[in-house]
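These notes concern the structure reproduced below.
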Amino acid sequence: MARMIFPDGSDNRDFAAIQARLASIGITLRHWPAPTEARAGELLAKAALEDNEKEELLSAVDNRFEELKREAGYVARDMVVIHENIPGLAEMLAKFEKIHYHDDDEVRYILAGKGYFGFVDAQGAQFMLEVNADDYINVPAKTEHWFTLGDSQRIKAVRYFIDTSGWTPNYTGREMLFD
């Protein structure tokens, strides 16, 4: 379940309060249980997945894709599987660890593992959100944010797109208040 973390090290685990704070800057957070079937559990426990295994997991959550297509016009989805044995992992993640925004929404449905989205609100205040399995997050286009795995080295998430070309990070140069 999601956890909000502040620069002074304090945190908030109240899901409704976290949803409200995120909603104030246009971000949607939902609780969507990950698939619990035995095969899905096997796949979610593996570090790496073959393309056909990713497709199996995507099929297991196709109902969510259909829902997002109806709600907001999403047209594509894929699965990102990050683990400690990916060559060049640090360089890949470094692209997203600086404050940036995208021209399309950044939408993630976390199926396994965890990561951290950092946000900048309208007043310039910063906070981080730990996302875990069962968390769905929609970061609207043009929202300043960053992403890191932190001490975690694994995450499996479905990414949803309206326009895949809008996913390039646009760096703002803003200083981050977190180490």
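Filtering segment 115-136 to residues that are touching a helix residue (DSSP H, G or I) at 6+ places or on another chain (Cβ under 9 Å), closer than 16 Å to residue 1 by Cα and not aliphatic (A, V, I, L, M) leaves only 136.
The residue list 54, 46 contains one member that is surrounded by fewer than 17 Cβ atoms within 10 Å (Cβ to Cβ), touching a strand residue (DSSP E or B) at 6+ places or on another chain (Cβ under 9 Å) and free of Cβ contacts under 8 Å to residues at least 40 places away in the same chain, which is 46.
Conditions (1) in contact (Cβ under 8 Å) with a residue 24 or more places away in the chain; (2) within 12 Å of the chain's Cα centre (by Cα); (3) over 21 Å from residue 50 (Cβ atoms), marked per residue:
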residue: 90; (1), (2), (3): no, no, yes
residue: 96; (1), (2), (3): yes, yes, yes
residue: 103; (1), (2), (3): yes, no, yes
residue: 115; (1), (2), (3): yes, yes, yes
residue: 118; (1), (2), (3): yes, yes, yes
residue: 135; (1), (2), (3): yes, yes, yes
residue: 142; (1), (2), (3): yes, no, yes
residue: 146; (1), (2), (3): yes, yes, yes
residue: 159; (1), (2), (3): yes, yes, no
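Looking across 166, 113, 173, 118, one residue alone is farther than 22 Å from residue 21 by Cβ, modelled with pLDDT of 90 or more and not in a loop (DSSP other than H, G, I, E, B). It is 113.
When 75, 61, 81 are checked against the criterion of being at pLDDT below 95 and surrounded by 12 or more Cβ atoms within 10 Å (Cβ to Cβ), 75 stands alone in meeting it. Checking the stated criteria, residue 65 turns out to be in contact (Cβ under 8 Å) with a residue 60 or more places away in the chain and in contact with a helix residue (DSSP H, G or I) (Cβ under 8 Å, 6 or more places away or on another chain).
Residue 1 meets the conditions (1) more than 19 Å from residue 161 (Cβ to Cβ); (2) touching a residue at least 12 places away in the same chain (Cβ under 8 Å); (3) outside any loop (DSSP other than H, G, I, E, B) in every case but one. The failed one is (3). Taking segment 1-34 as the range and being over 15 Å from the mean Cα position of the chain (by Cα) and of a type in the set (D, E, K, R) as the test, the residues that pass are 8, 11, 13, 14, 21. Scanning segment 124-163 for residues that are outside any strand (DSSP E or B), polar (S, T, N, Q) and closer than 30 Å to residue 45 by Cα gives 152, 153. With the requirement that a residue be surrounded by 14 or more Cβ atoms within 10 Å (Cβ to Cβ) and farther than 16 Å from residue 148 by Cα, what does segment 168-179 give you? Selection gives 172, 174.
The set of residues from segment 90-110 being aromatic (Phe, Trp, Tyr) and farther than 14 Å from residue 148 by Cβ comprises 101, 109.
The values are calculated or read from the model by the stated rules, or taken from the named source; none is laboratory data. Just so you know, these numbers come straight off a predicted model, no measurement behind them. Methodologically, a virtual Cβ is constructed for each residue, glycine included, from the backbone with ideal geometry; neighbour enumeration extends over all protein chains shown.
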